[in-house]
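Trainee: Before I ask anything, here is the structure I am working with.
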Amino acid sequence: MKVKIEKRLVIPKYSSILVPILSVVVALVLMGIILMVFFYGRLGSFSLAFRETFDAYKEMLTWPFANKYGIFSTLMRMVPLAFVGLGLSFAYRMKIWNIGGEGQLYMGALAATWGALFLFKDVSSPLAMILLLSITGAVAGGLWALIPALMKAFAKTDEIVVTLMLNYVAIFWVDYLVYGPWKDPKGYGFPGTAPFPDQARLPTLFKGEFHVGFFIAVAIAVVLFYVYRKTSWGMNSKIVGDNAQAARYSGISIVRYTIIALVVSGAIAGLGGAVQMMGVQHRLQHGFSPGYGYTAIIVAWLAKLNPIAILLVSFLFGGLLVGNDQLQMFYKLPMALISVFQGLVLFSLLGGETISRYRLRIVKEEAAHIE
């Protein structure tokens, strides 16, 4: 007998819900084992390590979701994840692998800062300023994504490599500005620009704990949900993603759809960068993103590219980021913990997807020989 791996003819319907849930559960179990090993090395006792791991998990999962201040912090961490995740989903539906959400987020933040401090500094109306900065951030993110879009459409380059490399270009460009020409002379030497004027800040609720950028993300999710299901773009983009050759024979321009998909993807991420500046940061700083653009890749896939589900998964991962901050503060855990967890979620998700799409089949040697 031998074992064959064959593709399932029909993917189980329950897998779209069960695989993401089990991926998170498996990742939590594996992370628990890692935490126990970490605490055992620190405390030298298995029972104490188990108790410390239980307390750490309790803190990580209760503070972000069961505490008023924790929930507000979770929502604020959720917003940039949602923007980038929604943008990535627009490209991923066509099997265009935009890995540049981080760079597009940075470029949106850079452009919004340029507009707030220099280009539109004489605009006194808060509404006009916010609209201008939002448009500027979206345009910057879209233009940054246009580079790999043109290279893929006309030179057949790999968009994964190009978008990934452009992340570092954007990050180092921001670092150059905040350490150099845009550095605030009144900032006591810290790498950051001057603060945004009051009219360039988003309105807040609940005594400043919550800004209206959340509602912008929700609105974009609703629009994308409609576009994916009710418009010709949604249908055609799905066709292009499933079978580009069939789409070409149907008269769909692959070049045009590729460029539009990447540009819109980058524009939504760039808008997220502008919203982050106007709603939370209020100045451009070194390392303002703890990797939102990379985390959003996992968010988009866990949500199965569903815009409404992206909001929910973004809330979950925003809470995990807040919980990780708590663990670092009270348990002195390394900052890389959340990256380890995200990696575990990603590998668990890939494993679950593989199991749902393929199956093992035991074949007898005689039957195989007859065939």
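The values are calculated or read from the model by the stated rules, or taken from the named source; none is laboratory data. Please read these numbers as outputs of a predicted model, since none were measured by experiment. Note that we place each Cβ from the backbone using ideal geometry, even for glycine, and neighbour counts take in every protein chain shown. Quick note on the areas: whole protein, heavy atoms, side chains included, nothing else; ligands and nucleic acids left out. Shrake-Rupley method; radii C 1.70, N 1.55, O 1.52, S 1.80 Å.
Trainee: Looking at this structure, is residue 215 under 30 Å from residue 74 (Cβ atoms), aromatic (Phe, Trp, Tyr) and free of Cβ contacts under 8 Å to residues at least 40 places away in the same chain?
Mentor: For residue 215, the condition - under 30 Å from residue 74 (Cβ atoms), aromatic (Phe, Trp, Tyr) and free of Cβ contacts under 8 Å to residues at least 40 places away in the same chain - is met.
Trainee: Also, I was wondering about something else. Looking only at helices (runs of 4 or more DSSP H) that lie completely in the range 197-299, which have at least 1 residues being touching a His at 6+ places or on another chain (Cβ under 9 Å)?
Mentor: Here the list reads 254-276.
Trainee: Yes or no: residue 35 without any contact (Cβ under 8 Å) to a residue 12 or more places away in the chain, aliphatic (A, V, I, L, M) and within 20 Å of residue 331 (Cα to Cα)?
Mentor: Here the answer is no, as residue 35 does not meet what is asked.
Trainee: Something else now. Could you please let me know if residue 246 is exposed (fewer than 14 other Cβ atoms within 10 Å of the Cβ) and farther than 19 Å from residue 110 by Cα?
Mentor: Yes.
Trainee: Enumerate the pairs (first residue in the range 79-97 and touching a residue at least 12 places away in the same chain (Cβ under 8 Å) and closer than 22 Å to residue 109 by Cα; second residue anywhere and assigned to a helix (DSSP H, G or I) and aromatic (Phe, Trp, Tyr)) with beta-carbon separation below 6 Å, excluding pairs fewer than 6 apart on the same chain, so at least 6 apart or on different chains.
Mentor: 79/214; 80/292; 81/292; 81/317; 84/292
Trainee: Shifting gears a bit: Tally up the residues in the range 121-143 that are over 13 Å from residue 263 (Cα atoms) and either surrounded by 21 or more Cβ atoms within 10 Å (Cβ to Cβ) or of a type in the set (Asp, Glu) (or both), please.
Mentor: 6
Trainee: Residue under question is residue 81, and the condition is that it be touching a Phe, Trp or Tyr at 6+ places or on another chain (Cβ under 6 Å), closer than 19 Å to residue 317 by Cβ and at pLDDT 90 or above; does it hold?
Mentor: When the stated conditions are applied, residue 81 passes them.
Trainee: Within the range 157-167, can one find any residue that is more than 19 Å from the chain's Cα centre (by Cα) and within 22 Å of residue 296 (Cα to Cα)?
Mentor: yes
Trainee: Take the residues of the range 144-185 that are in contact with a strand residue (DSSP E or B) (Cβ under 8 Å, 6 or more places away or on another chain) and outside any helix (DSSP H, G or I): which is most open to solvent (accessible area, probe 1.4 Å)?
Mentor: The extreme case among them is 183.
Trainee: Based on what the data block shows, is residue 105 in contact with a Pro (Cβ under 7 Å, 6 or more places away or on another chain), surrounded by 24 or more Cβ atoms within 10 Å (Cβ to Cβ) and under 20 Å from residue 193 (Cβ atoms)?
Mentor: For residue 105, the condition - in contact with a Pro (Cβ under 7 Å, 6 or more places away or on another chain), surrounded by 24 or more Cβ atoms within 10 Å (Cβ to Cβ) and under 20 Å from residue 193 (Cβ atoms) - is met.
Listed here are the residues, each with its yes/no results for (1) among the small types (Gly, Ala, Ser); (2) out of contact with any helix residue (DSSP H, G or I) (no Cβ under 6 Å at 6 or more places or on another chain).
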residue	(1), (2)
64	no, no
70	yes, no
82	yes, no
95	no, no
98	no, no
121	no, yes
131	no, yes
143	no, yes
160	no, yes
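Trainee: Moving on. Residue 21 - would you say it is exposed (fewer than 13 other Cβ atoms within 10 Å of the Cβ), out of contact with any Cys (no Cβ under 8 Å at 6 or more places or on another chain), within 22 Å of residue 345 (Cα to Cα) and not small (Gly, Ala, Ser)?
Mentor: Answer is yes for this residue.
Trainee: A further question follows. Does the range 256-270 contain at least one residue that is at pLDDT below 90 and exposed (fewer than 14 other Cβ atoms within 10 Å of the Cβ)?
Mentor: No - not one qualifying residue is present in the range 256-270.
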